[in-house]
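K.L.:
Structure provided below as structure tokens; questions to follow.
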Amino acid sequence: MTNKYMYFIANWKMFGDLRTLNSLDKVIKFSKINKRKSKLIYCPPNTLIRPMSKRLQKTKIEVGAQNCHVSDSYGAFTGSVNSKMLKNVGAKYIILGHSENRQEGESDKLINLKIRSAIKSGLKIIFCIGETLKEKRNKRTNQVLSNQINKGLKSIRNKSDIIVAYEPFWSIGTGIIPKSKDLIKSVNFIKNKFGSKPPKILYGGSVNNQNISQLKNISGIDGFLIGGASQDPKKFIDIIKKTYN
Ligand code: 13P
């Protein structure tokens, strides 16, 4: 049983429309009676940030975005939205460096610039890192994580607004989670990399209301970044409850 302050971050990815917001009612109700030391954050698609923020106004649940353009000022970038605009419509957090974006060609350098720009706009960062299956098999996990941290956070001195989410590429959406001993190793490696002031470290990748019983026992973890299961309010609430059982 944990008594630690834990984060539960819902990453809705490219799912959800205005009607989907009704599913928040259950979670709002739960959050009002929830006495566990926890922070709930929803990261919906950009189209839902404003209406979701309004819906969550009188609650402690916060809203975040999933990515942004690198520039923090307006510009001729068709189809893009920057961090200031996301802040303006209610986002307080932003996911950056997600492997689904890395896969589409986002480099560590670009992620670094986006992080800097989002910090400037006053957003808190959920910085995602993680190795591919090939890298894991080649025993390169630590090297990859180290590289992603060094490059992604280059020249960022004040890291107080950064949360790190360790999301092994191969565990996202696959139903497979790392072996506990491997997860402990990676989380400790990340923590040690930051020296005396480590950030909050979350785990993400196929978190559900079954495997949470195993994941909650990894002591270095400060919370979870949840994809698929976060779209179902019952499963999301169940994950939170079981974390503290
Ligand atoms: P799943 O929980 O669906 O595996 O997604 C994890 C994720 O990518 C969260 O950012």
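The values are calculated or read from the model by the stated rules, or taken from the named source; none is laboratory data. Just so it is clear, the structure is predicted and the values come from calculations on it, not from any experiment. Neighbour counts are summed over all protein chains in view; Cβ atoms, including those assigned to glycine, are modelled from backbone coordinates with ideal geometry. SASA here: full protein model, heavy atoms, side chains in, ligands and nucleic acids out. Shrake-Rupley method; radii C 1.70, N 1.55, O 1.52, S 1.80 Å.
K.L.:
Could you size up the charge dipole of the range 85-125 around its Cα centre, putting +1 on the beta carbon of Lys and Arg and -1 on that of Asp and Glu, and report it in debye to the nearest 20?
P.N.:
Roughly 320 debye for the range 85-125.
K.L.:
Got a sec? Charge dipole of the range 81-219, +1 on Cβ for Lys and Arg, -1 for Asp and Glu; which of 133, 198, 90 is way out at the positive end?
P.N.:
Positive-end residue among those listed: 198.
K.L.:
Follow-up. Which peptide among 88-99, 138-149 comes first, and what is the full order, when sorted by highest mean count of other Cβ atoms within 10 Å? Before the final figure, lay out the partial values.
P.N.:
Details: 88-99: 22.7, 138-149: 16.0.
Peptide ranking by packing, descending: 88-99, 138-149.
K.L.:
With a/c under 1.5 counting as rounded, go ahead and sort the range 55-135 into rounded, prolate or oblate using the C-alpha gyration tensor (a ≥ b ≥ c being the square roots of the eigenvalues; past the cut-off, prolate if a/b is larger than b/c, else oblate). Please report the intermediate quantities before stating the final value.
P.N.:
Numbers: a/c = 2.20, a/b = 1.33, b/c = 1.65.
Oblate, because a/c is 1.5 or more while a/b does not exceed b/c.
K.L.:
Find which of 61, 74, 30 sits farthest along the positive direction of the dipole of the range 28-77, computed with +1 on the beta-carbon of Lys and Arg, -1 on that of Asp and Glu, about the Cα centre.
P.N.:
In the range 28-77, that residue is 30.
K.L.:
Please label the shape of the range 1-113 as rounded, prolate or oblate, based on the square roots a ≥ b ≥ c of the eigenvalues of the alpha-carbon gyration tensor (a/c under 1.5 means rounded; beyond that, a/b larger than b/c means prolate, else oblate).
P.N.:
Details: a/c = 2.18, a/b = 1.57, b/c = 1.39.
The shape class here is prolate.
K.L.:
So, one more: Where a ≥ b ≥ c are the square roots of the eigenvalues of the C-alpha gyration tensor, would you call the chain rounded, which needs a/c under 1.5, or, failing that, prolate if a/b is larger than b/c, or oblate? Don't skip to the answer; put the middle values down first.
P.N.:
Details: a/c = 1.55, a/b = 1.03, b/c = 1.51.
It comes out oblate by the Cα gyration axes.
K.L.:
For the chain, what relative contact order do you get, as a whole percent, if you take Cα pairs closer than 8 Å and at least 6 residues apart? Spell out each step's value before the answer.
P.N.:
Details: 445 pairs, mean separation 51.1, N = 245.
That works out to 21 percent.
K.L.:
Could you grab the relative contact order for the range 178-245? Cα pairs under 8 Å, six or more apart, rounded to a whole percent. Present the calculation step by step, with values, prior to reporting the outcome.
P.N.:
Working: 67 pairs, mean separation 23.0, N = 68.
Relative contact order, the range 178-245: 34 percent.
K.L.:
Of the heavy-atom accessible surface of the range 42-84 (probe 1.4 angstrom), what whole percent is carbon and sulfur? Numbers along the way, then the final one.
P.N.:
On the way: 1240 of 2360 Å².
The C+S portion of the solvent-accessible surface of the range 42-84 is 52 percent.
K.L.:
How high is the relative contact order of the range 1-125, in percent, counting Cα pairs under 8 Å that sit 6 or more residues apart? Display every interim value, and only then the final one.
P.N.:
Values: 188 pairs, mean separation 27.8, N = 125.
Relative CO of the range 1-125 lands at 22 percent.
K.L.:
Right, here's the next one. At a 10 angstrom cut-off on C-beta neighbours, averaged per residue, how do the peptides 125-132, 16-23 rank from highest to lowest? Numbers along the way, then the final one.
P.N.:
Values: 125-132: 25.5, 16-23: 12.5.
Ranked from most to least packed, the peptides come out as 125-132, 16-23.
K.L.:
Provide the per residue accessible area, probe 1.4 Å, for the range 1-92, rounded to a whole number of square angstrom. All intermediate terms of the calculation are to be shown ahead of the outcome.
P.N.:
Details: 5380 Å² over 92 residues.
The answer is 58 Å² per residue.
K.L.:
What net charge is computed for the residues neighbouring residue 226, neighbours being all others with C-beta under 12 Å from the C-beta of residue 226, Lys and Arg scored +1, Asp and Glu -1? Write down the numbers at each step before the final one.
P.N.:
Details: positive: 13, 235; negative: 167, 232, 238.
Net local charge, residue 226 excluded: -1.
K.L.:
How many percent of the accessible area of the range 144-195 is carbon or sulfur, using a 1.4 Å probe? Each step should come with its number before you reach the end.
P.N.:
Numbers: 1320 of 2630 Å².
Carbon and sulfur: 50 percent of the exposed surface of the range 144-195.
K.L.:
Assigning unit charges at the beta carbon (Lys, Arg +1; Asp, Glu -1) and nothing else, what dipole magnitude in debye, to the nearest 20, does the chain show about its Cα centre?
P.N.:
Working: 45 positive and 16 negative charges, 177 e Å.
Dipole magnitude for the chain comes out near 860 debye.
K.L.:
Determine the dipole magnitude for the range 56-119: charges of +1 sit on the beta-carbon of Lys and Arg, -1 on that of Asp and Glu, nothing else is charged, the reference point is the Cα centre, and the result goes in debye to the nearest 20. Each step should come with its number before you reach the end.
P.N.:
Details: 9 positive and 6 negative charges, 70 e Å.
Rounded to the nearest 20 debye, it is 340 debye.
K.L.:
Order 161, 72 by their accessible area, 1.4 angstrom probe, all chains in place, largest first. Mind dumping the intermediate values first?
P.N.:
On the way: 161 60, 72 35 Å².
Greatest to least solvent exposure: 161, 72.
K.L.:
Highest first, please rank the peptides 230-237, 28-35 by the mean number of other Cβ atoms sitting within 10 Å of their residues.
P.N.:
On the way: 230-237: 18.9, 28-35: 12.8.
The peptides rank, most packed first, as 230-237, 28-35.
K.L.:
Summing -39500 (n - 2.57) over the DSSP H runs of n ≥ 4 in the chain and dividing by its residue number, what mean residue ellipticity at 222 nm do you reach, to the nearest 500 deg cm²/dmol?
P.N.:
Numbers: 10 runs with 87 residues, N = 245.
When only DSSP H runs of four or more count, the value is -10000 deg cm²/dmol.
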